[in-house]
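Let me begin by presenting the structure, written as structure tokens, before commenting on it.
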Amino acid sequence: MKIKQMIKENNRLQDAMTPGNLSYYQDMVVYIRSSSVNEAKGEELLLEIGQHLLDAQAKGKTAEEVFGCDPEAYCKDLVEQLPPMKGLNKLQLHVMIPWISLTWFFFVQAIVGFIVTWTGGPVERMTQVRVSTLILLAGGSYILIQLIMKWMKNGTFQPEEERRKINIRHMGIYVVIAVVILVGGVWLGRLLPVLHIQPWVSLVIFVIGLLGTKLFFSSK
């Protein structure tokens, strides 16, 4: 079964779970998917867990009765037994975030450029793309997504009060990073050159980026 099919089947299993079992299981899903394990093996494990939980649910059992009161330790033990993500897959994961960010940046750049051209606006200004902007967009998106993934993993299996504390702490981190990115953008903007990219070139870059996303990063 392909990864997309397994994810679809996983969603179907969740639809049949009781609210309590679903909440417990979804934390397990987040924990395992955010761990650096082989994606296919991780999805296979989640399907096994989900089916096992549904079988137990049909007998009147809860997730805690099946997997215990310490699901984090249970999942940690399972993750340690799974094969780690291969080097190429790790590289794909690291490259995917800035790749997608830059791809859609050029889409917006192309659309705005065409609109300005058609309305007789300042075309020359809209063709200017700062190298510093590209660097900050790629690096900033990567850092923020990594923080979000870490936040999601740290928030699993935590009571609601503790999750709120984690949210506030991470919100503070986001604000600090945003300030650093803005300051860095001003500083780099003075040092790095400005590229002149026509709207149609931005559109071509977007199409290439979109095809690359499908070719290199789509789950099989």
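The values are calculated or read from the model by the stated rules, or taken from the named source; none is laboratory data. On a predicted model such as this, the values are computed, not experimentally measured, just so you know. Quick reminder, even Gly has a Cβ in these numbers, built from the backbone with ideal geometry, and neighbours come from all protein chains shown. Side chains included, ligands, DNA and RNA excluded: accessible areas come from the protein's heavy atoms. Shrake-Rupley method; radii C 1.70, N 1.55, O 1.52, S 1.80 Å.
Judged by the mean number of other Cβ atoms found within 10 Å, the most tightly packed of the peptides 64-73, 185-194, 16-25, 97-106 leads the ranking 97-106, 16-25, 64-73, 185-194.
Here the chain is treated with +1 on each Lys and Arg Cβ and -1 on each Asp and Glu Cβ, and its dipole about the Cα centre works out to around 860 debye. Estimated at 0.36 nm per residue, the fully extended path between Thr117 and Lys76 surpasses their Cα-Cα distance by 9.2 nm. Carbon and sulfur: what percent of the range 1-41's accessible surface (1.4 Å probe)? About 51 percent, which is the carbon plus sulfur part of the accessible surface. Highest mobility in the GNM of the chain, judged by mean-square fluctuation with C-alpha springs under 10 Å and restricted to Lys76, Lys59, Lys150, is found for Lys59.
Residues in the chain average 62 Å² of solvent-accessible surface per residue, probe 1.4 Å, ligands and nucleic acids excluded. Entry note, the chain: the mean residue ellipticity at 222 nm calculated from DSSP H runs of n ≥ 4, each adding -39500 (n - 2.57), is -26500 deg cm²/dmol after division by the residues and rounding to the nearest 500. Per-residue surface analysis assigns Lys61 an accessible area of about 100 Å², computed on protein heavy atoms at 1.4 Å probe radius. Among (i) 17.8; (ii) 18.9; (iii) 20.5, which is the computed Kirkwood radius over Cα pairs in Å? Among (i) 17.8; (ii) 18.9; (iii) 20.5, the one derived from this structure is (iii). Charge dipole of the range 1-125 (Cα centre as origin; +1 on each Lys and Arg Cβ, -1 on each Asp and Glu Cβ, all else neutral): 560 debye, rounded to the nearest 20. Against the main long axis of the alpha-carbon atoms of the chain, helix 87-119 sits at an angle near 40°.
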